[in-house]
Amino acid sequence: METVTSIKPLLAVLVSLAVTPILVSSRSPNVREAWTFVAAAAKFAIVISMLPVILTGTEIVYTVAEFLPGAAIRFRVDALGMLFAIVSSSLWIVTSAYSIGYMRGLNEHSQTRYFCFFALALSATIGVAFSANLLTLYLFYEMLSFATYPLVTHHQDQEARRSGRKYLFYIVGTSIGLVLPAMVIAYNLSGTLEFSSHGFLTGAGSKPLMSLLLILFIFGFAKAAIMPLHAWLPAAMVAPTPVSALLHAVAVVKVGVFSVVRVLTGVFGIDLLHSLNLGPFIALVASVTILMGSFIALSQNELKRLLAFSTIAQLSYIVLGVGLLSPKGITGGLIHIAMHAFGKITLFFCAGAIFVATGKKNISEMVGIGRRMPITMTAFFVASLSIIGMPPCGGFLSKWYLALGSLEAHQMPILLVLLLSSFLNAAYFMPIVYRAFFCGPQESMFESGVKEAPAFCVVPLVITAAVSIVLLFIPQPFYRLATMMVLKITGA
Amino acid sequence: MKAAGLLIVILTGGLLIYATADFPPWAYPQSPASTHVSPRYIEKSIEETAVPNVVTAVLADYRGYDTMFETTVIFAAGVACFLLLRIRVEEGPEEQLFRHSLTGMTIRIKDGRKAPSDLEEFERIDAHWVPQDLIIKTVCRILIPFIQLFALYVIAFGHHSPGGGFQGGVILGASVIVLAMSHDLRSSLQRMGEKVNALLCAAGVLIYAGTGALCLAMGENFLDYGILAPLFRCDPVMARSNGIFMVEIGVGIAVMATMIRIYNNVSSAGRYDEGL
Amino acid sequence: MTQLLSEILTKYNYWIYITLMMIGLYAMIAKNNLVKKIVGMNIFQTAIILFYVSIGSKKGGTIPIIKHDHGAASHVVHAAEYINPLPHVLMLTAIVVSVATLGVALALAIKIYHRYQSLEEDEILAQIREK
Amino acid sequence: MIWQLDLAILTLVVVTAVGAIYIKDLLGTAILFGAYSFLMCLLWSIMGAVDVAFTEASVGAGVSTVFFVGAVFRTTRRTKD
Amino acid sequence: MSQHYPVLLVTVPLLSAFLISISGWLNKRLCFPIAVAALASASFFSAGLLSKVIHKNVVLYRLGGWAPPWGIAYRVDYLNGLVLVVVSLVALINLISTYRSVEREFSEKLGAFYTLYVLFVTGLLGITVTGDAFNLYVLLEIASLTGYGLIAMGEEDRAPLASLNYVYMGTIGACFYLLGIGYLYIVTGSLNMADISAILPSLYQSRAVLSAFIICMVGVWLKMAFFPLHAWLPNAYTFAPSAASSLIAPLMTKVMVYVMLRLMLTVFTPDFVFSAIDINRSIVWLAVIAISMGAILALTARNLKKMLTYIIVAEVGYMVGGAWLGNRAGMTGAILHLVNDALMTLCVFLVVGNIVYRMKGHSFEDLRGLFRKMPFTMGAFAIGALSIIGVPPTCGFFSKWYLLWGGIQAGHYAFVAALLFSSLVNVVLFFRIFEIGYYESPTEAHGGGHSQGSIEEAPLSMLVPLYLVAVGLVVVGLYTGAIVNNVIRLAVPPGIV
């Protein structure tokens, strides 16, 4: 594996950090938001500029500080990190536009703080994507936890306070209580924390110890919302919708899943998991979460909560894919990072747009909304197809690979889980769409006439919905990156 | 609390008794303490410092650095007492007592009314102390010069006999305290005011540390008095002796001033008005 | 038995210092009055000084002031003839430290009395709790 | 060194120490503490520590006692224990 | 000149203290500049010493020109070189930062305050630099005595009582140390640390040596407030004036931890401490209790400053536990945490100083709406809090890492659990503060007169040093590798693996 040293990963992380002083000091909202855009664009440009190098199979490395042999603050850009970084940095641009529309539309307070911490959170996300070892990953993981706290509790009322507590209790409690000791134990066993393509724990300890470590890691990264540590995610839906959209459909939860994937592939390694036969355990945990999440989502009335439970279920697809330990399954899981991101963010944007335009949060109040907000609801329809996994949307691709993976791994029950889950997805999304469009004029809860949310809200969601469709036909570069990663970790 | 205290005391005592069993017998001449470091002091002190009183030699030369900080401790205590207690009051306490010196009659002035302080025959007396104590006053007045003389002797003769800066300084301070007790605080403050006292405190330790710094400035290690020989126009060994003397003077001044300072603050609760 | 007795006799200074130290320690822990505690503190400190002075003593030794004649400093001095001076030096320091601590402690006690009109710890704590 | 004298002083030292702790009058405590210091000073001069004894006589028995008396004078003599 | 650094380090502040005292009576305006100059030069000398130690070797200095063990000697090695830099820098930063609050609280007695301040620092520097066991005691008394005075000057009524309790406990602690040294002296006849440790190996089985060790340790633990000997600390630090508490809280306990390490590593040597006597596991258990109790007691506090003092109690448990684990990682962690904790504590106590300066109080009620009123102060507080919690890249994480690693290596899982428990409790503690500052708006009674939402930030002279420390937390964290490799690795004796 060739490596080159470049400061670009650090720049990608720091570029959003760098604008925060400007954001704090600027008095005019326009200047502030312009800077946000500049930062987002710059970040995306830096990330994309690394893509050609990565696609040639080279990795980019940059060491900031080494504090112990084998434990440094170091960036390493590989295919998996690149995949995740592209998703999150491109969605930041879209979300910035959406945020402006949403925050101004609702005339929210403390917008400066909001944009500052948003930028911080993005820094942390990119940092996680590019981290070369557990220590760096943990660093940015924690940074993300604390940077998103003010975003989650943006409304500063009692409900936000409760949710904030829950959020911290789950996220920080597990990261300090489970991940930190697991990390120290891993370091004590192997003398390094550096991710490697076949894991660094091979032969380092007995099976019970390895299983313990696995449990500590999987549940420790509670951002992945694997049951029973999922309760923070619905609670965190008190946040403003753009926050929910980017952070809770993309950045935060994906960081959790990404960390789990990194640990499974870079710390344990597929071979070790194979030889210890831990794959079925991971698959089991993921399957339970998928089914439970979908079932609970069926019973939700508040749209954002429904989306939250849907997210919980969808995240576990990714874990499930890796847990299958088969090349196709892993490919499917990795692609799902991108597919789900575009689909779910569209859904959240729609929910936010509905709230901005009508002030409605509950599904039961949305009968007939399709006539009033046709563009929004069309996008909603497209995105839900993607989530369900039906063509012509990108979600189909990832689910297809997951199904292939389960066949490859000879795990029929998993295939059943996937099918059942898709069915459940359809069962909670389709009624919403149906009732939004197909209802009599007398049933409709809205006056006639089209009244969409502000353009700043609508344009982003149209873009992301379109991307969801496009991704089925042009899955590059995500597909390419995922297969590169699979090639690297399985050696196949 | 009492039971807990007793328990702790018994535990600690038990530990100490346990340890004592391994001690060499009391006053055993071959014990490590008597054979390891200290013989050199006894055998070489005259040769190296020309001071027969070994304690003084060790105190101010071999371990002179300790002694500097010991003086600093005293100085710090003085400053701390001042910082803690001193309160500046514009007018005196609520009531003041004045005695008519001819008749012995006492009058009481309340609530800051005009006091007859400008009249010669009235003298201010402490609110808590009424009797006229002519004998004590006179005896003390006679004694104080002798006490002070003795104190100076103790400082100066510390090289050859028990004594030195500390003891002399304390006695010197005590002489002023005796004055304050036999007369009153105000008359001792007249002789040594607060500001003079505070400056003396600092000056005393400054003499000590300054001597050390002088050695440093002349190119030797801190407090290495031998280098001062050219200043004293004598050989390095005598220079050590003289250096010790300088230092002892500093100690004496600092200790004296601090003892007075602590006494003034404690006995008047920081008001510098009516003492013991 | 005789061994025990000789143990007691040869080290009786040490036993006394332990006793005094424990008296002081007990007073500091168990007494309620602030000034009593300060007295205990001083007894505690003097006990340690007694201990050090006991280390210094030497059978057959005299006080550590060298007999000398002016001009004839060259005559040999035997360490065994004089008491160990080092503990004395250390204890001069300790005495001074104890009086310094005493001064500060008394100043504090006076300050406390002016605030609470009491030197009894329990009464003061009760006053604090009432507030 | 006369051991009888030594023993007597040691006993007295303990007695004054206990007395200083237990007497129910702070002025008495101060005075007994002075006596304690002075006995200590005697003890040390018996042991040959003349400089220490000298210091204790002036500091412990002298100035410290005066400080105690001053403090008691500025606060109160009464005590419960 | 540079061969005199060790003594200049101590005597320049000492002489300046006397000058400050004099100028307090003649010209008050000079006090502060003299103090700054003194501590700045002390920082310069300590930095010079550390670089000398790194580039050459151990620095020795004979005071009065007498060779040890007859005279007093200074000995600067990797361990105390590091601590010296920390002490002098923390004292300097705090001095500059608290200039305004000192002016306000002590305008009458400026000279006396700064005299004690500089003397306190002198005492700590002297404790750190000395190689003589008795000299250490004298300097300990200087630091303690000045500390009593500084603490008792708090505006609150309870300060004198808290300080007097500190006097009692501190005196017992110092006397125990003195007694322990006496025991060592009686069996070795020496007071020089290096000399004692050379004589000791033949006496490892002696009961007197064991007792000396225990007594010294108990004394030092009393001084550093190691649970259950911590009773004096919370009140003393809570009621002290803010300028004094932000000086004493970061430094006093840390320097005492240094003394403990010095006793363990140099005087008694690791051979004795970890092999000849078999008590290290039980001491780590004590540390476990200390950490847990510190955390639990902190939960009960209803006052920001008091909460922080209990956190100090827990942190002392960290360091004692780490040092007693008996392996290299634990010892490294203890030393590293000593440095980090000094900075972290300084940071949060400076924040408290700023809050007290503006809000005139430090109970939880005074913190309402503080994020809006003092956003920059609270920003720095957040960094300090994250460091205490142990979030990378702040320095608190890295020392905790070493401590955890040491605990796992030693197989002492209770210690690991206690560390994690206390970190989690710290999260609760600090986020409770954040919640109060973030969600609750000041009540009318407290906000009186001020319009809501207006910024009342502390003056720049307090903010700049605060941010210097806050950024320093991150920088020290990032340079942990360099600190450990160049200094701490060499400070831990090779006997400890």
- Query: Looking at the P(r) of the range E:279-497, how many percent of alpha-carbon pairs lie beyond 23 Å?
  - Reply: 47 percent
- Task: Using only Cα atoms, find the angle between the long axis of helix E:413-439 and the longest principal axis of chain E, and express it within 0 to 90 degrees, rounded to the nearest 10.
- Result: 20 degrees
- What does the charge count near A:Val255 come to, summing +1 for each Lys or Arg and -1 for each Asp or Glu among other residues with Cβ under 15 Å from its Cβ? +3
- Task: May I ask for the net charge around B:Glu48, where only other residues with Cβ less than 13 Å from the Cβ of B:Glu48 are counted and Lys, Arg are +1 while Asp, Glu are -1?
- Result: -2
- So which lysines pass the test for E:Lys254, namely a Cα distance under 19 Å, with those fewer than 8 places away in the same chain ruled out? E:Lys223, E:Lys305, E:Lys306, E:Lys400
- Would you mind ranking C:Tyr116, A:Tyr434, E:Tyr137 so that the residue whose beta carbon has the fewest other beta carbons within 10 Å leads the list? A:Tyr434, C:Tyr116, E:Tyr137
- Note on the structure: So the angle from the long Cα axis of helix D:26-46 to the longest Cα principal axis of chain D, reported in degrees to the nearest 10, equals 10 degrees
- Tally Lys/Arg at +1 and Asp/Glu at -1 over every other residue whose Cβ is under 11 Å from the Cβ of E:Leu338; what's the total? -1
- Task: Quick one: compute a quarter of the convex hull surface over the Cα atoms of the protein assembly as shown and quote it in nm².
- Result: 60.4 nm²
- Task: Please work out the Kirkwood hydrodynamic radius for the range E:12-137, using every pair of different C-alpha atoms, and report it in angstroms with one decimal place.
- Result: 15.3 Å
- Item | For the range E:1-65 and the range E:335-414, distance of Cα centres in Å | 29 Å
- Would you mind giving the three semi-axes, in whole Å and largest first, of the ellipsoid equivalent to the range E:342-385 according to its Cα gyration tensor? 17, 12, 8
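Tell me, Kirkwood radius of the range A:393-492 from alpha-carbon pair distances, in Å?
Result for the range A:393-492, one decimal place: 17.3 Å.
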- Message: Would you report the distance distribution of C-alpha pairs in the range A:1-41 as whole percents per 5 angstrom bin, up to the bin with the largest distance?
- Response: 6, 22, 24, 17, 10, 8, 6, 4, 3, 1
- Task: Calculate the dipole size of the range E:279-497 relative to its Cα centre from +1 charges on Lys and Arg beta carbons and -1 charges on Asp and Glu beta carbons; express the result in debye to the nearest 20.
- Result: 340 debye
- Partner chain coverage, peptide E:14-24 - average Cβ within 10 angstrom: 6
- Note on the structure: Amide H contacts under 5 Å for B:Arg271, restricted to residues at least 5 apart in sequence or on another chain and with H modeled in the peptide plane, are B:Ile87
- Alpha-carbon Rg with Dmax, taken over chain E, Å: 21.6, 74
- Query: Expressed as a rounded percentage, what relative contact order does chain A have, with Cα pairs under 8 Å and six or more residues apart?
  - Reply: 15 percent
- Note on the structure: With +1 on the Cβ of every Lys and Arg and -1 on the Cβ of every Asp and Glu, the dipole magnitude of chain B about its Cα centre, in debye rounded to the nearest 20, is 340 debye
- For the range E:172-233 and the range A:85-107, what is the separation of their Cα centres, given in Å? 64 Å
- Using alpha-carbon positions, what is the distance between the centroids of the range A:252-273 and the range D:21-81, in Å? 74 Å
- Task: Could you tell me the largest-minus-smallest coordinate of the C-alpha atoms of chain A on each of the three principal axes, in descending order and whole angstroms?
- Result: 69, 56, 43
- Top positive-direction residue, dipole computed over the protein assembly as shown with Cβ charges, set B:Pro230, E:Asn80, E:Val138: E:Asn80
- Note on the structure: Going fewest to most other Cβ atoms within 10 Å around each Cβ, B:Tyr263, A:Tyr428 line up as A:Tyr428, B:Tyr263
- Note on the structure: So for R0 = 56 Å, FRET eff. of E:Ile455-A:Asn301 from the Cβ-Cβ r, to 0.05, ends up at 0.85
- In percent, what relative contact order does the range E:279-497 have, based on Cα pairs under 8 Å that are 6 or more apart in sequence? 29 percent
- Message: Less than 28 Å apart at the alpha-carbon level, and either on another chain or at least 8 residues along: which lysines does that give for A:Lys488?
- Response: A:Lys8, A:Lys43, A:Lys207, A:Lys223, A:Lys254, A:Lys328, A:Lys399
- Convex hull per residue volume in Å³, alpha carbons only, for the range D:3-74: 57 Å³
- Message: Defining a contact as two alpha carbons under 8 Å apart and six or more residues distant in sequence, what relative contact order in percent does chain B show?
- Response: 23 percent
- Query: Peptides A:462-472, E:197-207, E:169-179: what's the order by average Cβ count within 10 Å, highest mean first?
  - Reply: E:169-179, A:462-472, E:197-207
- Calculate the radius of gyration of the Cα atoms of the range A:275-492 to one decimal place, then report Dmax, the largest Cα-Cα distance, as a whole number, both in Å. 18.2, 63
- Task: Using the Kyte-Doolittle scale, find the helices of chain C whose mean hydropathy is at least -0.5 and whose Cα atoms extend 30 Å or more along the helix's long axis, counting only whole DSSP H runs.
- Result: C:34-56, C:86-116
- Task: Any aspartates and glutamates with Cα under 17 Å of the C:Lys37 Cα? List them, leaving off those in the same chain fewer than 8 positions away.
- Result: C:Glu120, C:Glu121, C:Asp122, C:Glu123, D:Asp25, D:Asp81
- Item | Under the Debye formula (equal points on every Cα, no solvent term), log10 I(q)/I(0) of chain B at q = 0.15, 0.17 Å⁻¹ | -1.09, -1.22
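Values quoted throughout were computed directly from the atomic coordinates according to the rules given, and no laboratory measurement underlies them. Values in this document were obtained by computation on a predicted structure and should not be read as measured data. A quick note on method: Cβ atoms are made from the backbone with ideal geometry, for glycine too, and the neighbour counts reach across all protein chains shown.
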